[in-house]
Amino acid sequence: MRPLVQKICSIYRSPKEEGMYLYVDKKNELKSVPGELLKRFGKPELAMTLLVTPEKKLARVDAGRVLEMIEENGFYLQMPPTPAYDMQWLRDKNSKL
């Protein structure tokens, strides 16, 4: 396996599901995303464009995993967090205050 490199990624939010995001290589945009997934995802809304490196801190996903999946599949689908995840995130955040 090749070492992970940085990529400029376009990140799209789903209008159908709060917290669901698609990460794609900006060069290819949505060309690698299967049509069936796009149908379920809804019309993608560009949330941001971001330089992703393996060391980059992302809110709810490991940047190295994002890069790996984009390299393998052409996209990374971030699913909405579970309620248990949200509660743990809040507890962790509050404990730092």
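The values are calculated or read from the model by the stated rules, or taken from the named source; none is laboratory data. Owing to the predicted nature of the structure, the values given are computational and were not obtained by experimental measurement. All Cβ positions, glycine included, derive from the backbone under ideal geometry; neighbour counts span all protein chains shown.
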Problem - Within the stretch 48-81, tally of residues that are of a type in the set (A, V, I, L, M) and surrounded by fewer than 14 Cβ atoms within 10 Å (Cβ to Cβ) - result: 4
Completion exercise
Per the filter on the stretch 1-14, residues within 15 Å of the chain's Cα centre (by Cα), over 13 Å from Val66 (Cα atoms) and not basic (Lys, Arg) are Tyr12, Ser14
Practice task
Filter the stretch 46-76 for residues that are within 13 Å of Lys7 (Cα to Cα) and either part of a helix (DSSP H, G or I) or basic (Lys, Arg) (or both) and give the result.
Solution key: Lys56, Ala63, Gly64, Arg65, Val66, Leu67, Glu68, Met69, Ile70, Glu71
Fill in the blank from the handout: When the stretch 20-61 is checked residue by residue, the ones that are under 19 Å from Glu72 (Cα atoms) and of a type in the set (Val, Ile, Thr) are Val24, Val33, Val52, Thr53, Val61
Handout entry: Complete set of residues in the stretch 58-97 that are among the charged types (D, E, K, R), farther than 18 Å from Met20 by Cα and modelled with pLDDT of 90 or more
Key = Glu68, Glu71, Glu72
Completion exercise
Selection from the stretch 16-49 of residues more than 20 Å from Thr82 (Cβ to Cβ), within 15 Å of the chain's Cα centre (by Cα), modelled with pLDDT of 95 or more and not hydrophobic (A, V, I, L, M, F, W, C) yields Asp25, Lys26, Pro44, Glu45, Thr49
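In the set Lys43, Lys16, Lys27, Lys39, which member is surrounded by fewer than 12 Cβ atoms within 10 Å (Cβ to Cβ), outside any loop (DSSP other than H, G, I, E, B) and not hydroxyl-bearing (Ser, Thr, Tyr)? Please lay out each step first, then the result.
On the way: Lys43 fails: outside any loop (DSSP other than H, G, I, E, B); Lys16 fails: outside any loop (DSSP other than H, G, I, E, B); Lys27 fails: outside any loop (DSSP other than H, G, I, E, B).
Answer to the check: Lys39.
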